[in-house]
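FYI, it's all coordinate maths here, none of it is from the lab. These numbers come from a predicted model, not from an experiment. Backbone-built Cβ (ideal geometry, glycine too); neighbour counts: all protein chains shown.
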Protein chains: 2
Amino acid sequence: MAHAAIQLEVLLEAELRGVPSHGLLRLDRVVQRILNGVADPHATGRLNWLSSGFLTVDGEKGLGPVVAVAALDALQHRAREVGVAIAGITNSNHLGMLGWYAERIAANGQYIIAMSTSEALVHPWGARKALIGTNPIAIGVPTEGRPFVMDTATSVVSMGEIHDHAHRQVSIPAHWAVDAEGKPTTDANEAKKGALAPFGGAKGYALGLAIELLVTSLAGAAIGTGVRGTLDATEVCNKGDVFIVIDGPSPNLTAYLDMIRHSEPAEGFESVLVPGDRARACRAHRLEHGVPVADEVWQRMLVLSEGGMAVKQHT
Amino acid sequence: MAHAAIQLEVLLEAELRGVPSHGLLRLDRVVQRILNGVADPHATGRLNWLSSGFLTVDGEKGLGPVVAVAALDALQHRAREVGVAIAGITNSNHLGMLGWYAERIAANGQYIIAMSTSEALVHPWGARKALIGTNPIAIGVPTEGRPFVMDTATSVVSMGEIHDHAHRQVSIPAHWAVDAEGKPTTDANEAKKGALAPFGGAKGYALGLAIELLVTSLAGAAIGTGVRGTLDATEVCNKGDVFIVIDGPSPNLTAYLDMIRHSEPAEGFESVLVPGDRARACRAHRLEHGVPVADEVWQRMLVLSEGGMAVKQHT
């Protein structure tokens, strides 16, 4: 029950913050993965300290958020003694929105750098085929006020965004993705068979690849096209996660961040935002006015909530 | 003398790798800063372990590379015991090319994440004025073969690139920079008075800002427009540097990296490169055939090497 609560909180927070690609849409797959035996709802992961600051975690096929929270609790405690602690996690399921973890740590007065790998969906800069995960990075920094949290995939957009455009029969910008032959395409259906572009060209490619190598090595996870189980319901998940938690001084950064917020916007912009501002405003609004949920997702929720039999049919 | 050798190696390696903006061009300013008393060639920095894994360094106005190497030596040693160690450095001068440090650590079998701040040259996404440093990040990963090293500023290009275009009276792409009024410009001379764009739009902005906050807080350095001494010859340098050194397993990543290198290039590309490949090829070529140096820079070298009295007194 506690595990279900953690898993659901991550998904619900994504809905509240306006990131439906990491929201309830994923619940169905989580349930299917449990039913298929590739996710174990009871596991919290086996924690093994290789040294006083380096933790390795065998996730024992546990739910991503459950294993991650157990690892982060250990890291937070250890960082208070050592100043810094790192965990490499594998054999654990999809984490959902990385920013949720970053906010959890930063709100508690510590710094975090969080990185994950995923199935290969992104092409190297100048290449045609997907060889690198969407490899998100989140950084949390405590401040006197609300913590600073940034969270971004290293692809231009998520594959979910491509699917959404395909679903709505809307074209995509040419720099988002390539088709199965590795040619830039504006057709979302062709892009689904191809690869996402790294964000920011060669620079974003370098960052995404660095995360692939760092996480794979430190977590003992699969690499590149060998990664499975982040998109399907049937394969054991072998991606990796790395968390670095730092216990350091926490100066007041609010004046600086407010200077950015109050600076004059460029033409075409209404205001200058600090990462996290939009999500926070969205969260406040939705808590008051409700959360729009896509019909298909809602129908699946109803089926899931009707209980096991209905669920089983879909496994 | 040993300090001069370290400082020069960083600059010469930048020349060999085809990054003249971080090469001998900077030597003149280093000498001027020594003569002006804002850089101390003798200092190696005061190292203070706040806990077993967290090092703070007061650079004592030392040369950036000298202080950084002293800190990294301590971190490498400590990471072997603790698994991970972090340093926050301030009151130290410009590091030069961050990738040099990443390669040093990764070649020695450890992982590194290196981040620095600089004077505010980059505008927040959707804003008009420079409020954030060019804040480079370098990541080094050991492999069985040559280590993987990525090193990138979080601006689209360096201000050096803008100056170079202005000097050659060549226009710049409209997405590189804004003018003093915050409007996109193709005139390099106008861009010099304005601000650089973050790379990759909102995502690169988020990363650059995260580095600004993380480094400023952990190093106890100045923030945003308060940063001085990375571009001038007269002010004490108050930017910050953060190094995270990790001692972990080191699997063989060469097969994966070679798969990327041998993948079919996209239209308009001759080959698919892994970050560091171009620099390595350039280095090999220049070691054999020599290094082209801009006339102006060479003339300054000759003046410096003639051993102006002023210079000799201080080395």
Fluctuation leader among B:Val274, B:Val30, B:Val141 - chain B, Gaussian network, Cα springs under 10 angstrom: B:Val274
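Taking the Cβ-Cβ separation of B:Ser305 and B:Gln32 as r and a Förster radius of 22 Å, what is the calculated FRET efficiency to the nearest 0.05?
0.90
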Checked segment A:247-302 against the a/c 1.5 cut and the a/b vs b/c comparison, axes a ≥ b ≥ c from its Cα gyration tensor; verdict oblate
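Can you give the FRET efficiency for A:Lys183 and B:Lys183, using 1/(1 + (r/R0)^6), R0 = 45 Å, r = Cβ-Cβ distance, to the nearest 0.05? Working shown, then result.
Working: r = 34 Å, r/R0 = 0.76.
Efficiency, from the Cβ-Cβ distance: 0.85.
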Among all lysine pairs in chain A that are eight or more places apart or on different chains, how many have alpha carbons less than 19 angstrom apart? 7
Which whole-Hz couplings ³J(HN,Hα) result when phi for each residue of segment A:193-203 is put into the Karplus expression 6.51 cos²θ - 1.76 cosθ + 1.60, θ = phi - 60°, listed in order with x for Gly and Pro? 8, x, 9, 7, 7, x, 6, x, x, 4, 5
Amide H contacts under 5 Å for B:Arg46, restricted to residues at least 5 apart in sequence or on another chain and with H modeled in the peptide plane, are B:Asp58, B:Gly59, B:Glu60
Would you mind classifying segment B:1-91 by shape? Square roots of the alpha carbon gyration tensor eigenvalues, ordered a ≥ b ≥ c; an a/c under 1.5 is rounded, otherwise it is prolate if a/b is larger than b/c and oblate if not. oblate
Please find, in a Gaussian network model of chain B (springs between Cα atoms separated by less than 10 Å), the residue of B:Thr117, B:Thr134, B:Thr225 whose mean-square fluctuation is greatest. B:Thr225
So what J values fall out for segment B:157-169 if you push phi through Karplus, 6.51 cos²θ - 1.76 cosθ + 1.60 with θ = phi - 60°, rounded to Hz, Gly and Pro as x? 9, 7, 5, x, 5, 5, 4, 4, 5, 4, 4, 8, 6
FRET efficiency estimate (nearest 0.05) - Cβ-Cβ, A:Ala174 to B:Leu231, R0 35 angstrom: 0.40
Scan around A:Val227 for amide H atoms under 5 Å from its own, H built in the peptide plane at 1.01 Å from N, and keep only partners 5 or more places away or cross-chain. A:Ala120
Given unit charges at Cβ for Lys, Arg (+) and Asp, Glu (-), the dipole magnitude of chain A about its Cα centre in debye, nearest 20, is 440 debye
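Going from the alpha-carbon gyration tensor of segment B:139-278, what semi-axes, largest first and in whole Å, does one get by taking the root of 5 times each eigenvalue?
Details: eigenvalues 200, 121, 34 Å².
Value: 32, 25, 13 Å, ordered largest first.
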Which residues' amide hydrogens lie under 5 Å from the amide hydrogen of A:Ala177, considering only partners 5 or more residues apart or on another chain, with H built in the peptide plane? A:Thr185, A:Ala197
As a test, work out the antiparallel percent of DSSP beta bridges whose residues both lie in segment A:2-305, rounded to the nearest 5. 80 percent
Row for segment A:123-172, column shape: gyration tensor on C-alpha, a ≥ b ≥ c, rounded if a/c < 1.5 i.e. under 1.5, prolate if a/b over b/c, else oblate; value oblate
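Can you tally the net charge around B:Gly224? Count Lys and Arg as +1, Asp and Glu as -1, for every other residue whose Cβ sits under 15 Å from the Cβ of B:Gly224.
+2
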Nearest-5 percent of antiparallel DSSP beta bridges in the protein assembly as shown? 80 percent
How big is the protein assembly as shown along each principal axis, measuring the range of its Cα positions in Å and listing the largest first? 89, 50, 49
Please average, across the residues of A:123-134, the number of beta carbons from any other chain that are within 10 Å of each residue's own beta carbon, and give a whole number. 5
Place the label 7 angstrom along Cα→C-beta at A:Glu264 and in each other copy, then list the distances from the first to the rest in nm, shortest first. 5.1
Kindly write out, for segment A:214-228 in residue order, the coupling ³J(HN,Hα) from the Karplus curve 6.51 cos²θ - 1.76 cosθ + 1.60 (θ = phi - 60°), rounded to whole Hz, with x marking Gly and Pro. 4, 5, 4, 6, 6, 9, x, 9, 6, 10, x, 6, x, 7, 9
Please give the average number of partner chain Cβ atoms lying within 10 Å of the Cβ of each residue in B:266-278, rounded to a whole number. 5
Can you compute the equivalent ellipsoid semi-axes for segment B:2-305, i.e. the square root of 5 times each eigenvalue of the Cα gyration tensor, sorted largest first and rounded to whole Å? 27, 25, 21
Which one of B:Leu231, A:Asn36, A:Leu47 has its Cα pushed farthest toward the positive end of the charge dipole of the protein assembly as shown, where Lys and Arg give +1 and Asp and Glu give -1 at the Cβ? A:Leu47
At 222 nm, what value in deg cm²/dmol follows for chain B if DSSP H runs of at least 4 each add -39500 (n - 2.57) and the sum is divided by all its residues, to the nearest 500? -12000 deg cm²/dmol
Given a 10 angstrom Cα cut-off, can you work out which residue in A:Ser92, A:Ser118, A:Ser217 is the most mobile in a GNM of chain A? A:Ser217
How many percent of all Cα-Cα pairs in segment A:217-315 sit more than 18 Å apart? 76 percent
For B:Asp277, inter-copy label-point distances (7 Å, Cα→Cβ), nm, shortest first, read 4.0
For segment B:27-143, list log₁₀ I(q)/I(0) at each q in 0.14, 0.17 Å⁻¹, using the Debye formula over Cα point scatterers of equal strength and ignoring solvent, two decimals each. -0.65, -0.90
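Ranked highest first by average number of other Cβ atoms within 10 Å, how do B:289-301, B:16-28, A:201-213 line up?
Answer by packing, highest mean first, reads A:201-213, B:16-28, B:289-301.
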Please compute the average number of Cβ atoms from other chains found within 10 Å of each residue's Cβ in peptide A:172-182. 1
Test item: Cα-centred dipole of the protein assembly as shown, Lys/Arg +1 and Asp/Glu -1 on Cβ, debye: 380 debye
In vacuo Debye sum over C-alpha of segment B:168-234, base-10 log of normalised intensity I(q)/I(0) at q = 0.19, 0.29 Å⁻¹, listed in q order, is -0.90, -1.12
Put a point 7 Å out from Cα along the line to Cβ at B:Gly18; what are the distances to that point in the other copies, in nm, shortest first? 4.2
